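For reference, the structure is listed below as structure tokens.
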Amino acid sequence: MASRSSTLTKRESQTAHSVRVSWRAAVRLRNGHPWVYRSDLEGSPTLPRAGVVRVLEEGGRFLGCAISSSSSQIALRIISDRDCDESELPRLSAARIRSAMEYRNALQVPEHSNAYRLVFSEADQLPGLIIDRYNDVLAFQVLTQAIDRKDVREAILETLETELHPAGIVERADERIRELEELPSIGGGLIRGDKMATVIETRANPDESPLRFEYDAAAGQKTGAFLDQRENYAAAQRYAHGNALDVFCYQGGFSLHLARRCKQVIGVDESRSALEAGERNFEMNRGSLAAPEIEWLEANAFDLLRDWSDAGRKFQTIVLDPPAFAKSKKALPTALRGYKELNLRALKMLEPGGILVTCSCSHHVSQEEFLGMLAESARDTHRRIRLLEVRGQSQDHPVVAGIPETAYLKCVIAFVE
Ligand code: SAH
């Protein structure tokens, strides 16, 4: 009797938490993309808030388990191709964090840098969880209802403490997304330990001393530091020479790497506090740089590039790393015009034999569109450019085949004739 009633309970609960999805969604899931949009749910079911549901195709075949949202247009996000239930989510999240760490260890990321992304949401099969490591301080962000569950959060924090013994764990709150996900508003800030500021070390080459950067979770912009550019800093350093200009320099990620090779470096940003951090970063590394100083210029990059290119100023190396111009697909034409304006000016200012490092972090701008914009800029300035490297984000921000949204950063290094 006992076993029959427990079978019944199980079947009942499975029925309650099984959701059928359209043929179109099933094809997408089979191709490795983990999202099901609300419009792809069959029979308009009411999804549990922060639940775990079994996803079935129209004919009833099991496709995987997903976390559900009661509010987002992305109603379901697959977390496993195996059967699992609500109570397993904490244990599954902990296991996923450990395999995310194994992946980074296998690639020897911690040997190059003690600051890197430890968990990158869907790319690490933990939809809505982002964890960054800054030496002994960890920063995390939760963007989905299921990951925000108390038992899941506890499991995540416990795993991080056991595996990494951080001196502080800081929560970052993206209030706009939390509101869309109908998550309670939180202040963010320190939630474990007592440390929010630290110094990170990153190494472009194994035989070089590391560069040091300050990290302050209480002060930084949204991300604190641009970890996704780490490998591009090293690549830019390999080609940098002569007079260098780093446009949209923030706290000097590229500038300091350029300063390893170049005697003259100018960093441009409109944020004074970012430039001040850049100068402190320069001071921390002064002994290991070729440049005796870095000139930090507080300016609007568009105005400055227009003035300087009109005035005929020349450089041998220019980095362009603007903020995301296309926040939506609709903004694409305007964004491409913005990128083109910057790249035209930079090409005009580069000496023959110069190096252009040009980036875009808008995921709505494809690599093809970005390269198209660059080719047009070269044509319009009558410069012939050779693409030395067409790069993306660092390996600790994995790009998963079948999930185009995981690839967002473009970084092209070009030789300008
Ligand atoms: N290259 C940096 C990251 C750049 S993030 C790094 O690797 O760390 C984009 C930067 O552009 C921010 O620091 C922001 O302050 C700056 N910014 C945005 N709009 C700007 C503008 N119109 N002129 C100058 N700087 C701008």
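FYI, it's all coordinate maths here, none of it is from the lab. Remember, predicted model here, so these are calculated numbers, not experimental data. Note that we place each Cβ from the backbone using ideal geometry, even for glycine, and neighbour counts take in every protein chain shown.
Taking a Cβ cut-off of under 13 Å around Gly312, the surrounding Lys, Arg, Asp and Glu residues balance to a net charge of +2, with basic ones at +1 and acidic ones at -1. Equivalent ellipsoid of region 221-341: semi-axes from √(5λ) of the C-alpha gyration tensor, largest first, are 24, 17, 14 Å. Of all lysines in the structure, the ones whose alpha carbon falls short of 23 Å from that of Lys410, not counting any fewer than 8 places away in one chain, are Lys222, Lys327, Lys329, Lys330, Lys340, Lys348.
For the chain, the relative contact order comes to 11 percent (Cα pairs under 8 Å, sequence separation of at least 6). Here the dipole of region 12-139 is about 200 debye; that uses its Cα centre as origin and unit charges on the Cβ of Lys and Arg (positive) and Asp and Glu (negative). On the basis of the beta-carbon distance and an R0 of 22 Å, Ile186 and Glu154 show a calculated FRET efficiency of 0.90. Please give the net charge around Val27, taking every other residue with its beta carbon less than 15 angstrom from that of Val27, where Lys and Arg add +1 and Asp and Glu add -1. Charge balance in the 15 Å sphere: +1. Dividing the summed -39500 (n - 2.57) terms of all DSSP H runs of n ≥ 4 by the residue count of the chain sets its mean residue ellipticity at 222 nm at -10000 deg cm²/dmol. Near the amide H of Leu297, within less than 5 Å, lie the amide hydrogens of Gly267, Val268, Asp269, all on another chain or at least 5 residues away, with H placed in the peptide plane. Each Cα pair under 8 Å and six or more residues apart adds its separation to the average, and for region 20-115 the resulting relative contact order is 23 percent. In region 167-275, the DSSP beta bridges split such that about 65 percent are antiparallel, to the nearest 5. Placing +1 on the Cβ of every Lys and Arg and -1 on the Cβ of every Asp and Glu, with no other charges, gives the chain a dipole of roughly 1020 debye about its Cα centre. Residues Leu138, Leu258, arranged from fewest to most other Cβ atoms within 10 angstrom of their Cβ, appear as Leu138, Leu258.
Run the paramagnetic zone check for Val199: 7 angstrom along Cα to Cβ, then residues of region 136-170 with backbone nitrogen under 19 Å. Within reach of a label on Val199: 136-138, 167-168. Applying the criteria of a DSSP loop state and at most 12 other Cβ atoms within 10 Å to the trypsin sites (Lys or Arg not before Pro) of region 146-226 yields Lys222.
Quick one: check the C-alpha center-to-center distance for region 276-307 versus region 346-363, whole angstrom. Computed from Cα coordinates, the inter-centre distance equals 18 Å.
Take every DSSP beta bridge whose two residues both sit in the chain; close to 65 percent of them are antiparallel. Between Val27 and Leu107, the FRET efficiency from the beta-carbon distance, with R0 = 45 Å, is close to 0.90.
Enumerate by residue number the GluC sites (Glu not before Pro) in region 174-254 meeting two conditions: DSSP loop (anything except H, G, I, E, B), and at most 16 other Cβ atoms within 10 Å of the site's Cβ. Passing sites in region 174-254 are Glu182, Glu208.
Computed over every Cα-Cα pair of the chain and binned at 20 Å starting from 0, the pair-distance distribution P(r) comes out as 25, 51, 22, 3, 0 percent. Fully extending the segment from Leu388 to Arg49, taken as 0.36 nm per residue of separation minus the present Cα-Cα distance, adds 117.2 nm.
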